[in-house]
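Take a look at the structure set out below.
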Amino acid sequence: MENAKHVYITTPIYYPNDRPHLGHAYTTVLADIVSRWYSLLGYNVFFLTGTDEHGAKLQREAEKRGVTPKAFVDEMSAIFKEYWSKLGVGYSRFIRTTDEDHESLVRNVLNLLNEKGYVYRGVYKGWYCTACERYYSEKEYVVENNIPYCPIHRRPLEFVEEETYFLRLSQFRDRVLKILREGEVVYPRQYAEEVASKIELEGLQDLSIARPKERVSWGITLPFDNRFTVYVWIDALLNYLTGAGFNKDKKHFETLWKNSIQFIGKDILWFHTAVWFSLLSMLDLPPPKKLVVHGFLTVKGMKMGKSTGNVTSIDDMIKRYGSSDAVRFIIARIANYEKDSEVSWEIYDSIYNGDLVNNYGNLVRRVTSLAIKLFDGVVRIAIDHEHAKKVEELVQKAIEYYNRIDIAEAVKTALDIAHETNAYLNRKEPWKQENPQPTIYTALESIRLVTLLLHPVMPNITQNIMNSLNIAIERGLDQFKVGYISEYKVKESPIPFKKLATS
Ligand code: MSP
């Protein structure tokens with residue numbers, strides 16, 4: 001395994017103030033798909049997700065329910081794990097910011113930052129959104145009837161004035177701008193430009209990184225002044241270092257960090273660029289290899305969220321589409337980095353019916369039943385080169401999309417193969433042919449390739465289809481060619497997707 005290629009994939013760590021909804025599933029499933037893709041290619045993948053458990057937001061939520069914060073986050077983080085398991089999310093570690101190794105890393109890093117002279121004492125005055133766990137400046141908040149509102153949650157901000165410690169982000173202005181403008185880290189680039197212009201316009205201000213314990217007691221104690229807790233965002237960002245073993249095995253950490261792909265929603269872009277890149281620079285670490293940013297899932301144009309009260313439940317989705325794999329497929333199909341994506345049952349139904357039932361599912365059913373009927377399931381290699389060429393071109397295209405982390409396009413291209421193959425069968429009418437073997441073999445190969453390409457998206461259903469074909473899923477790129485299988489022994493003809501019960 002010494003020479004194996006590594007990849008480190010992270011999701012944001014979520015506030016466990018309620019059960020996860022489709023918005024959280026969006027990021028987590030996309031990250032899981034990419035992690036399963038690299039795994040399929042034979043990489044060593046470390047996939048980190050988890051929960052962000054400290055801070056005022058969780059403290060208040062626990063108070064409201066009359067339980068201790070720890071009891072509350074214990075219960076809620078278990079629920080997050082349950083949902084990820086329901087959705088087939090195969091993380092390597094589920095990190096909790098209350099984990100002992102993480103708390104100790106945070107203390108070490110804060111001491112280090114303090115020793116390096118990046119921390120100083122001061123007083124902070126400003127308008128705070130507890131749902132976001134951040135201050136908003138005059139330029140950022142929205143004013144209605146003379147009251148400042150959070151631009152994301154549209155709730156009134158709270159005025160806070162308190163003693164604190166600051167982190168000297170302002171020293172890293174040029175460094176951050178260089179990463180944003182010259183690097184290839186932030187994807188899509190529009191987000192790099194957005195942050196860069198904001199920094200140029202408003203500057204990069206030092207960040208308040210401590211909270212007096214009287215106000216926020218639920219947090220990691222600031223190691224050099226025990227009257228304070230560490231600001232939850234600093235605590236949270238450092239989870240990516242704990243997860244990669246920064247305080248355990250420096251060499252392994254470096255290998256992972258060099259190959260890191262971080263997924264976030266655009267709401268937390270500032271923290272994952274301006275703040276995160278500065279923090280990493282203070283620790284003499286490079287930025288992540290890629291920071292993939294996506295838009296919001298919206299309901300009537302508003303970001304889906306607990307605070308807004310417009311969430312789509314993961315359970316409802318699974319129930320409607322019959323399996324978590326189908327839900328994962330829908331998430332992959334609607335994935336949009338540049339723009340927000342409006343939740344719509346109409347669109348989701350048509351993706352399910354069009355792509356899964358009528359296109360892919362129908363193809364699997366048709367070809368396997370023909371193979372059984374015409375050949376008793378045993379189909380030896382005989383390539384129809386014309387169709388094979390078309391399929392292989394599309395396979396290459398899908399692979400390129402995956403490698404660019406362009407999941408929606410990769411999936412659409414895989415579906416194009418199914419579509420082309422259905423049309424091919426209609427044209428060739430193998431049931432009328434004298435020698436249907438090349439058509440059936442090439443169609444089986446096409447199914448196998450679509451199935452492999454969709455394996456990261458729908459791990460269970462694709463595995464079942466491969467079982468019906470009696471084919472093992474391997475690791476590596478060799479298997480992505482027509483002609484790889486010398487003989488099929490099709491066992492059964494499955495119906496992988498049931499028609500939607502019409503409401
Ligand atoms: N705890 C912080 C993140 C710390 S990471 C070091 C946080 N948590 S959160 O629970 O609010 O989750 C934020 C992330 O959840 C978003 O960045 C996004 O990835 C995902 N989403 C939550 N709601 C979403 C939508 N409505 N649409 C798309 N993604 C959404 O912020």
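The values are calculated or read from the model by the stated rules, or taken from the named source; none is laboratory data. Computed from a predicted structure; not experimentally measured. Counting neighbours? That spans all protein chains shown, and the Cβs are built from the backbone with ideal geometry, glycine included. For the accessible areas, the whole protein counts, side chains as well, though only heavy atoms, and no ligand, DNA or RNA atoms are used. Shrake-Rupley method; radii C 1.70, N 1.55, O 1.52, S 1.80 Å.
I'd like to know if region 38-50 contains one or more residues that are touching a Ser or Thr at 6+ places or on another chain (Cβ under 7 Å) and hydroxyl-bearing (Ser, Thr, Tyr). So far as region 38-50 goes, yes, one or more of its residues are touching a Ser or Thr at 6+ places or on another chain (Cβ under 7 Å) and hydroxyl-bearing (Ser, Thr, Tyr). Scoring residue 451 on the criteria (1) outside any loop (DSSP other than H, G, I, E, B); (2) farther than 20 Å from residue 413 by Cα; (3) in contact with a helix residue (DSSP H, G or I) (Cβ under 7 Å, 6 or more places away or on another chain) leaves a single failure, condition (2).
Filter region 195-215 for residues that are assigned to a helix (DSSP H, G or I) and of a type in the set (A, V, I, L, M, F, W, C); which is nearest to the ligand (Cβ to nearest atom)? This residue is 195.
Of all residues in region 233-251, those that are in a loop (DSSP other than H, G, I, E, B) have Cβ atoms under 7 Å from Cβ atoms of residues that are within 13 Å of the ligand (Cβ to nearest atom), 6 or more apart or on another chain, in 238/106. In the set (1) over 26 Å from residue 35 (Cβ atoms); (2) outside any helix (DSSP H, G or I); (3) open to solvent by 30 Å² or more (accessible area, probe 1.4 Å), residue 485 fails one condition alone, (3).
The condition of being in a helix (DSSP H, G or I), touching a residue at least 24 places away in the same chain (Cβ under 8 Å), open to solvent by 20 Å² or more (accessible area, probe 1.4 Å) and away from the ligand (no atom under 16 Å from the Cβ) holds for residue 112. Applying the criterion of at least 3 residues that are touching a Gly at 6+ places or on another chain (Cβ under 9 Å) to the strands (runs of 3 or more DSSP E) found wholly in region 115-169 leaves 158-167. Out of the residues in region 294-315 meeting the condition of being in contact with a helix residue (DSSP H, G or I) (Cβ under 9 Å, 6 or more places away or on another chain) and outside any loop (DSSP other than H, G, I, E, B), tell me which one is farthest from the ligand (Cβ to nearest atom). The qualifying residue farthest from the ligand (Cβ to nearest atom) is 315.
Might you check whether a residue that is at positive phi and either surrounded by fewer than 17 Cβ atoms within 10 Å (Cβ to Cβ) or of a type in the set (Asp, Glu) (or both) occurs anywhere in region 463-479?
Yes, region 463-479 has at least one match.
Residue pairs whose Cβ atoms lie under 6 Å apart, sitting 6 or more positions apart in sequence or on different chains, and linking a residue in region 481-502 that is closer than 15 Å to residue 368 by Cα to a partner that is in a loop (DSSP other than H, G, I, E, B), are 489/377; 489/470; 490/377; 491/470.
Scanning region 350-372 for residues being in contact (Cβ under 8 Å) with a residue 12 or more places away in the chain and open to solvent by 30 Å² or more (accessible area, probe 1.4 Å) gives a total of 6.
The set of residues from region 47-82 being surrounded by 20 or more Cβ atoms within 10 Å (Cβ to Cβ) and either among the β-branched types (Val, Ile, Thr) or more than 19 Å from residue 211 (Cα to Cα) (or both) comprises 47, 48, 49, 50, 51, 72, 73, 76, 77, 80. With respect to the conditions (1) within 16 Å of the ligand (Cβ to nearest atom); (2) more than 26 Å from residue 101 (Cα to Cα), residue 218 falls short on a single one, namely (2). Might you check whether a residue that is in contact with a Ser or Thr (Cβ under 6 Å, 6 or more places away or on another chain) and open to solvent by 80 Å² or more (accessible area, probe 1.4 Å) occurs anywhere in region 176-194? No, every residue in region 176-194 fails to be in contact with a Ser or Thr (Cβ under 6 Å, 6 or more places away or on another chain) and open to solvent by 80 Å² or more (accessible area, probe 1.4 Å).
Checking each residue of region 260-272 against the condition of being crowded, with 21+ Cβ neighbours inside 10 Å and part of a loop (DSSP other than H, G, I, E, B) gives no match. Scanning region 1-57 for residues that are within 13 Å of the ligand (Cβ to nearest atom), among the basic types (Lys, Arg) and either part of a loop (DSSP other than H, G, I, E, B) or modelled with pLDDT of 95 or more (or both) returns a single hit, 19.
Could you say whether any residue in region 124-141 is open to solvent by 50 Å² or more (accessible area, probe 1.4 Å) and in contact with a Phe, Trp or Tyr (Cβ under 6 Å, 6 or more places away or on another chain)? The answer is yes; a qualifying residue exists. Scanning region 207-220 for residues that are free of Cβ contacts under 8 Å to residues at least 60 places away in the same chain and either of a type in the set (Phe, Trp, Tyr) or open to solvent by 10 Å² or more (accessible area, probe 1.4 Å) (or both) yields 212, 213, 214. Within region 273-288, does at least one residue satisfy the condition of being more than 12 Å from the ligand (Cβ to nearest atom), at pLDDT 95 or above and either open to solvent by 40 Å² or more (accessible area, probe 1.4 Å) or acidic (Asp, Glu) (or both)? Yes - at least one qualifying residue is present in region 273-288. Looking only at residues in region 230-271 that are closer than 26 Å to residue 216 by Cα and acidic (Asp, Glu), the one that is farthest from the ligand (Cβ to nearest atom) is 235.
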